[in-house]
Amino acid sequence: MFDHASFDAHEGVHLFHDAKSGLRAIIAIHSSALGPAAGGCRMWDYETGEDMLKDALRLSQGMSYKNAMADIPLGGGKAVIWGNAKTDKSPELFRAFGRAVDSLQGKYITAEDVGISVSDMQIVREETRYVAGLDEGEAASGDPSPVTAKGVYLGIRETAKRAFGTDDLNGRTIAVQGVGHVGGYTCDHLAEAGANLIITDIDQQALKDVSARTGARIVEPDDIYDAGADIFAPCALGAVVNEQTLDRFKVKAIAGAANNQLVMPEMGELLRRKGILYAPDYVINGGGIINVAAEISGTYSREWVDGKLETLMHTLGEVLDEALSTDKPTNRVADAIARRRIGR
Ligand code: NAD
């Protein structure tokens, strides 16, 4: 563990096994310097235990950075369950997971991530109160996507302000990859602001719906990278900025919701050299965790969420300005600010 390439002074890495339900889970707590560690639970059919451990270590560190940049009183943690989310789920599995979370006595607060639904978390809730992202309950925050999308829209404007000298999106062309929950709501905001949209998805119905609402032009999934647009907004998958796509981008800025957009951190510098301004993913997409933080606080307040979102956009502006004035890649500047906040 201590020699692992992804180990970054994590406070605790907890392994859980439940023979009866078949649960194999890792809960990694990266830092609780700013509050109890919060981050979703991912269910994934990993090839090896080593892959699972690496994911837990990296994702929990990412949550520390995201929460620090969102200025919420939460540290960073993440849970991963080894299994196929389509075939391996059972109520017993999630009860066992709930007991695992509860055994950490509030040091880690869980929620949904890839492969996990609200109904799974309702079962977890039967065993522990350290769970958020629920539909029911006094402070329930529900679907975080609309808040994430609002943040992404405001973040695109912050980025446009630096890339084009104005945050007016009227007449700008924006290529949106993925029009699911976050991408769809983001398109609505962008269309309302007068942007021309080019969209893609593998879900034909989602494409039709968003195009009908916004007048967006639809392109094939692989054609989105070289679409003639001003801004590329990745709202589907991670690792879309990579060796294969880098030279295809014609845009001046990349700003979208997807997590882990850069296949590796070095891509940030390569984007900078190409004159593409990149809004670091874990800063621009922090709206969702702000919404969850409101639930964790015990009283959900929309004003608090909007206030935090405004502060987050201010932070994004600072990251972009510092990167531009020092000729540094935006992702490195964001990482340094996040580490400073956690260290403090
Ligand atoms: P979602 O599943 O609702 O939407 C993703 C969309 O991408 C789907 O419509 C899917 O069909 C499409 N897609 C999948 N593969 C594709 C491909 N190869 N090409 C084009 N489209 C493809 O998910 P979401 O909740 O909207 O999240 C989108 C991204 O934003 C994810 O990376 C997620 O991790 C990140 N994110 C989401 C939130 C949130 O609040 N939901 C918060 C922070 C970050």
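The values are calculated or read from the model by the stated rules, or taken from the named source; none is laboratory data. Since we're looking at a predicted model, the values are computed, not measured. Neighbour counts run over all protein chains shown; Cβ positions are idealised from the backbone, glycine included. Ligands, DNA and RNA are excluded from the accessible area calculation, which covers all protein heavy atoms including side chains. Shrake-Rupley method; radii C 1.70, N 1.55, O 1.52, S 1.80 Å.
Couple of notes before you dig in:
- Electrostatic tally near Lys308: other residues with Cβ closer than 12 Å to its Cβ, Lys and Arg +1, Asp and Glu -1, net -2.
- Farthest toward the positive end of the dipole of the chain, out of Ser117, Ala19, Gly183, is the Cα of Gly183, where the dipole comes from beta carbon charges about the Cα centre.
- Per residue, in Å², the accessible surface of segment 109-149 once ligands and nucleic acids are set aside, probe 1.4 Å: 43
- For segment 176-273, the orientation-averaged shadow of the C-alpha convex hull comes to 5.7 nm² (one quarter of the hull surface).
- Of the accessible area of segment 8-159, computed with a 1.4 Å probe over protein heavy atoms only, carbon and sulfur atoms account for 47 percent.
- Comparing Cα centroids, segment 136-158 and segment 1-78 end up 23 angstrom apart.
- Relative contact order (%) - the chain, alpha-carbon pairs under 8 angstrom, separation at least six: 16
- Tail fraction, Cα-Cα pairs, segment 45-143, threshold 24 Å, whole percent: 21
- Accessible surface computed residue by residue for segment 219-279, with neighbouring protein chains in place and a 1.4 Å probe, gives 43 Å² per residue.
- Computed from the alpha carbon positions, the gyration tensor of the chain leads to an equivalent ellipsoid with semi-axes of 33, 22, 20 Å, biggest first.
- Packing, taken as the mean count of other beta carbons within 10 Å per residue, orders the peptides 287-293, 17-23 from highest to lowest as 287-293, 17-23.
- Filtered chymotrypsin sites (Phe, Trp or Tyr not before Pro), segment 1-78: DSSP coil and at most 12 other beta carbons within 10 Å: Phe2
- Taking Cα atoms only, the orientation of helix 91-103 departs from the longest principal axis of the chain by about 90 degrees.
- For Lys208, the aspartates and glutamates whose Cα falls under 14 Å of its own Cα, not counting residues fewer than eight places away in the same chain, are Asp188, Glu220.
- Candidates per GluC sites (Glu not before Pro) in segment 67-141, loop by DSSP, up to 10 other Cβ within 10 Å: Glu136, Glu138
- Residue pairs, from the table Lys78/Lys274; Lys20/Lys86; Lys54/Lys86; Lys20/Lys78; Lys66/Lys252; Lys78/Lys252, whose Cα atoms sit over 26 Å apart: Lys78/Lys274; Lys78/Lys252
- Compared with the dominant Cα axis of the chain, that is its longest principal axis, helix 204-214 is turned about 50°.
- Highest mean packing comes first when the peptides 209-218, 148-157 are listed by Cβ atoms within 10 Å, giving 148-157, 209-218.
- Formal net charge of residues neighbouring Ala236 (Cβ-Cβ distance under 11 Å; K, R +1; D, E -1): -2
- Distribution of pairwise C-alpha distances over segment 181-338, 10 Å bins, in %: 10, 36, 35, 17, 2
- Share of carbon and sulfur in the accessible heavy-atom surface of segment 201-249 [1.4 Å probe, %]: 47
- Cα gyration tensor shape of segment 128-207, rounded if a/c is under 1.5, else prolate or oblate by comparing a/b with b/c: oblate
- Summing Lys and Arg as +1 and Asp and Glu as -1 over all other residues whose Cβ lies under 15 Å from the Cβ of Met121 gives a net charge of -3.
- Between helix 330-343 and the chain: long-axis angle, C-alpha atoms, 0 to 90°, nearest 10: 40
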